[in-house]
Amino acid sequence: MTEKEKMLAGLIYDANYDEELLKERVKAKDLCFEYNYSVKPSEIEKQNEILKKLFGKTKENFTVTAPFWCDYGYNIELGENFYSNHNVVILDGAQEVLLLKIFLLEFWQLVFHVRL
């Protein structure tokens with residue numbers, strides 16, 4: 001079983017030396033960096049394009065206020081009218097993180113690493 005398979009199954013895994021997971025985290029960090037620092041807040045369409053590349057699924061209407069960070073992104077699904085304020089971090093290893101109509105205020109960290 002690969003480290004990624006272990007992660008997605010909710011098992012203990014080692015993400016630090018697995019080439020596939022390292023590449024996927026770097027890709028997510030690059031997209032987060034682009035979103036946080038390369039796009040003006042007024043460029044909403046461009047922001048949403050980046051987030052749709054990052055997240056596993058999104059509905060039509062959502063707001064994620066920069067800065068935002070996550071580990072992989074593809075495990076995150078945003079529901080309709082999802083909103084997060086500044087400085088939200090979602091550690092999305094292990095399983096799909098489904099965020100429906102949720103308002104996250106500043107400095108939230110959502111950690112999903114072990115399936116119980």
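Throughout, read-outs are computed from the coordinates displayed, never taken from laboratory work. What you see is a predicted model, and the numbers here were worked out from it, not measured in a lab. Note: ideal-geometry Cβ built from the backbone for every residue, glycine included; neighbour counts use all protein chains shown.
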Does region 23-33 contain at least one residue that is more than 16 Å from residue 90 (Cβ to Cβ) and surrounded by 15 or more Cβ atoms within 10 Å (Cβ to Cβ)?
no
Taking region 52-82 and keeping only residues that are surrounded by 15 or more Cβ atoms within 10 Å (Cβ to Cβ), part of a loop (DSSP other than H, G, I, E, B) and polar (S, T, N, Q), one is left with 65, 75
Next on the checklist: Given the criteria charged (D, E, K, R) and either more than 26 Å from residue 15 (Cα to Cα) or surrounded by 21 or more Cβ atoms within 10 Å (Cβ to Cβ) (or both), does residue 49 qualify?
Outcome noted: yes
Going through region 9-37 in order, the residues found to be part of a helix (DSSP H, G or I) and hydroxyl-bearing (Ser, Thr, Tyr) are 35, 37
Exactly one of 6, 46, 40 is over 18 Å from the mean Cα position of the chain (by Cα) and assigned to a helix (DSSP H, G or I), and that residue is 6
Taking region 38-73 and keeping residues of a type in the set (A, V, I, L, M) and farther than 26 Å from residue 4 by Cβ leaves 39, 44, 66
